[in-house]
Amino acid sequence: MSFATMNDVPWSGPCITVQPQPDREQKQRILTAIGLNGSQNLRVDQQSLVRYYDYLKAHLELPFVACYPRPSTPAEAAIDRCEAIELLSPRTDLCDLFDGIYCQTRKGRFLVNLPLVELTVLAPSKNLELLADYEYWFWHWRD
């Protein structure tokens, strides 16, 4: 193992990656959403996506304002604003383990189906926590 004190000298020391962990309340909300108890696996699969869809369908307030793609400035937020108007059922519509649950959005006069996980919900919204939990689950428990 070598160490260096200069910025331009490479350091070949160990690299440690720490996966973020959900807080206890968030994990419990996710377990509730997919109908599991604390001892079961949170893995994303077709069956768990269907269960999460059922939960979101019952609890999500539609329509809601969001952005796609994720804005980096307030000006982009205004330009990239859309309205999520319907969740698309994984039983009958497009849904996969790469993009997850889709929703139908409206931007101006255009209707576009987008992955729910790619939308950025704008505050204030009662959907912020629901969609933050879904996004965390989807990105952290995929194979």
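Out of the residues in segment 54-80 that are closer than 19 Å to residue 32 by Cα and without any contact (Cβ under 8 Å) to a residue 24 or more places away in the chain, state the one that is surrounded by the most Cβ atoms within 10 Å (Cβ to Cβ). Looking at the filtered set, the residue picked out is 55. Residues that are more than 15 Å from residue 134 (Cβ to Cβ) and in a helix (DSSP H, G or I) within segment 38-72 comprise 46, 47, listed in sequence order.
Are any of the residues in segment 89-105 part of a loop (DSSP other than H, G, I, E, B), within 27 Å of residue 28 (Cα to Cα) and of a type in the set (D, E, K, R)? Scanning segment 89-105, I find at least one residue that is part of a loop (DSSP other than H, G, I, E, B), within 27 Å of residue 28 (Cα to Cα) and of a type in the set (D, E, K, R), so the answer is yes.
Going through segment 44-94 one residue at a time, which ones are hydrophobic (A, V, I, L, M, F, W, C) and touching a Phe, Trp or Tyr at 6+ places or on another chain (Cβ under 6 Å)?
Within segment 44-94, the subset hydrophobic (A, V, I, L, M, F, W, C) is 44, 49-50, 56, 58, 60, 62, 64-67, 75, 77-79, 82, 84-85, 87-88, 94.
Listed by number, the residues that qualify are 44, 82, 84, 88, 94.
Of all residues in segment 81-122, which are among the polar types (S, T, N, Q), more than 16 Å from residue 59 (Cα to Cα) and either in contact with a strand residue (DSSP E or B) (Cβ under 8 Å, 6 or more places away or on another chain) or surrounded by 15 or more Cβ atoms within 10 Å (Cβ to Cβ) (or both)? Outline the logic, then answer.
Of the residues in segment 81-122, the ones among the polar types (S, T, N, Q) are 89, 92, 104-105, 113, 120.
Restricting the remaining residues to those that are more than 16 Å from residue 59 (Cα to Cα) gives 92, 104-105, 113, 120.
104, 105, 113, 120, listed by residue number.
The single condition among (1) surrounded by fewer than 17 Cβ atoms within 10 Å (Cβ to Cβ); (2) in contact (Cβ under 8 Å) with a residue 12 or more places away in the chain; (3) hydrophobic (A, V, I, L, M, F, W, C); (4) within 26 Å of residue 25 (Cα to Cα) that residue 138 does not meet is (1).
Quickly run through segment 89-101 and pick out the residues that are within 18 Å of residue 34 (Cβ to Cβ) and within 18 Å of the chain's Cα centre (by Cα). Within segment 89-101, 89, 90, 95, 96, 97, 99, 100, 101 meet the criteria.
Every number in this text was worked out from the coordinates using simple rules, so none of it is lab data. Every value quoted in this text rests on a predicted model; they were computed, and no experiment measured them. Counting neighbours? That spans all protein chains shown, and the Cβs are built from the backbone with ideal geometry, glycine included.
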